[in-house]
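The structure under discussion appears below in the form of structure tokens.
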Amino acid sequence: MKRNLHLLVIDPQNDFCDLPAAYLPAPVGDNAAPAPALPVTGAHADMLRVAGLIDQGRDGLSAISITLDSHHRFDVAHSSFWMDAGQGAIKPFTQITAQDVRQGKYLPRKATALPRVLAYLDALEAAGRYTLMAWPVHCEIGSWGHNVHADVRAAYNAWEDSALGMVNKISKGSNPWTEHYSAVQAEVPDADDDSTQVNQAFLALLRGADQVYITGEAGSHCVRATTEHIAANWDPRQLAQLVLLTDCMSPVTGFDAQYHDFVRDMRARGLQIAQAADIVPELLANARR
């Protein structure tokens, strides 16, 4: 009897990939050619390994889930949402605290947003997981950057054609008032928005697997947050069912320490740590069952 082997690919999107020139589209009309907004060093190579894993182990994979970072341009975690004390633009990768806002160092460009922003920052900081980062606008819904890396999409399309199945796609991040690194829940859930609450259907789907292989970008942020939330909602006696494929993820530059701490912590909790080549024999054996 075949085992249920589930591949989870977190945010394998163009905006996160350090794509070579051959992968970049040409300009259209008077519009500049799109380019990755938030490229993670090593992500293109990671995605090639993910695509290769799907191609090699296609018949042994029971399910594939893809998460999609999905933002509006107006978003509390985009630098264009903010201005400095002189009403000037702030640079991407600026960290902002509630104290900064109360002191007027940084303010939302939309003045009426101030009370909601302060309430959010207070809740975020009380949770103790992250400080607000003002990222470049990225993964804007409908944009080229929101699309899945071409090789990963081609590989999972081939799996769909072979398995006569459908890749499960989970959208996250469309609420502009909270950060949503994790595909399980937003950092500060919005009581009026079910999409920010714990995604029980997604967790139930994963719990039905005998093994879940976790890949994607970035290892320091969305992979980390998603995995931590999955592990927190998993039977602690069964955490070895979760496998981090560390050659299929990379950290955002400057966040290497956070990524390595995450991998170390997950190993200590009982998750398996492996590389793509390590699981190919398991997938091939499953295909023969």
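The values are calculated or read from the model by the stated rules, or taken from the named source; none is laboratory data. A quick note: this is a predicted structure, and the numbers were derived from the prediction, not measured. Backbone-built Cβ (ideal geometry, glycine too); neighbour counts: all protein chains shown. In case anyone asks, the SASA skips ligands and DNA or RNA and just uses the protein heavy atoms, side chains included. Shrake-Rupley method; radii C 1.70, N 1.55, O 1.52, S 1.80 Å.
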Compactness relative to 2.2 N^0.38 Å, alpha carbon Rg of the range 163-289 = 1.11
remark   = Listed residues 40, 167, 252; largest mean-square fluctuation, Gaussian network over the chain with Cα springs below 10 Å, found at 167
key: Share antiparallel - DSSP beta bridges, the chain, percent rounded to 5   = 25
key: Area projected by the alpha carbon convex hull of the range 86-214, averaged over all directions, nm²   = 10.6
note = Taking protein heavy atoms only, a 1.4 Å probe, and rounding to whole percent, the accessible area of the range 45-88 owed to carbon and sulfur comes out at 48
query = Efficiency by 1/(1 + (r/R0)^6): what FRET value for residue 41 and residue 141, r their Cβ-Cβ distance, R0 = 22 Å, to the nearest 0.05?
reply = 0.30
message = Could you give each residue of the range 186-196 its phi-based ³J(HN,Hα) in whole Hz, using Karplus coefficients 6.51, -1.76, 1.60 with θ = phi - 60°, and x for Gly or Pro?
response = 6, 4, 10, x, 9, 4, 9, 9, 4, 5, 9
query = For the chain, what is the accessible area per residue in Å², given a 1.4 Å probe and the full set of protein chains?
reply = 45
Scattering profile of the range 176-224 at q = 0.14, 0.16, 0.17, 0.24 Å⁻¹ [log10 I(q)/I(0), Debye over alpha-carbon scatterers] = -0.41, -0.53, -0.59, -0.96
query = Suppose R0 equals 22 Å; then what is the FRET efficiency for residue 264 and residue 238 from their Cβ-Cβ distance, rounded to the nearest 0.05?
reply = 0.60
key: Karplus 3J(HN,Hα) series, Hz, for the range 52-67 with 6.51 cos²θ - 1.76 cosθ + 1.60 (x for Gly, Pro)   = x, 5, 5, 5, 6, x, 3, 6, x, 7, 8, 7, 10, 10, 10, 9
query = Which residue, 127, 21, 158, has the most motion in a Gaussian network model of the chain that connects Cα atoms within less than 10 Å?
reply = 21
key: FRET efficiency estimate (nearest 0.05) - Cβ-Cβ, residue 3 to residue 30, R0 51 angstrom   = 0.45
request  = Kindly provide the Kirkwood hydrodynamic radius of the range 109-178 in Å, to one decimal, from all pairs of distinct alpha carbon atoms.
outcome  = 15.7
query = Applying the Karplus parametrisation 6.51 cos²θ - 1.76 cosθ + 1.60 with θ = phi - 60° to the phi angles of the range 94-103, what ³J(HN,Hα) value in whole Hz is obtained for each residue in order, glycine and proline being reported as x?
reply = 8, 8, 10, 10, 4, 5, 4, 6, 5, 7
task = Among 269, 58, 116, determine the one that fluctuates most according to a GNM of the chain built with springs between C-alpha atoms less than 10 Å apart.
result = 116
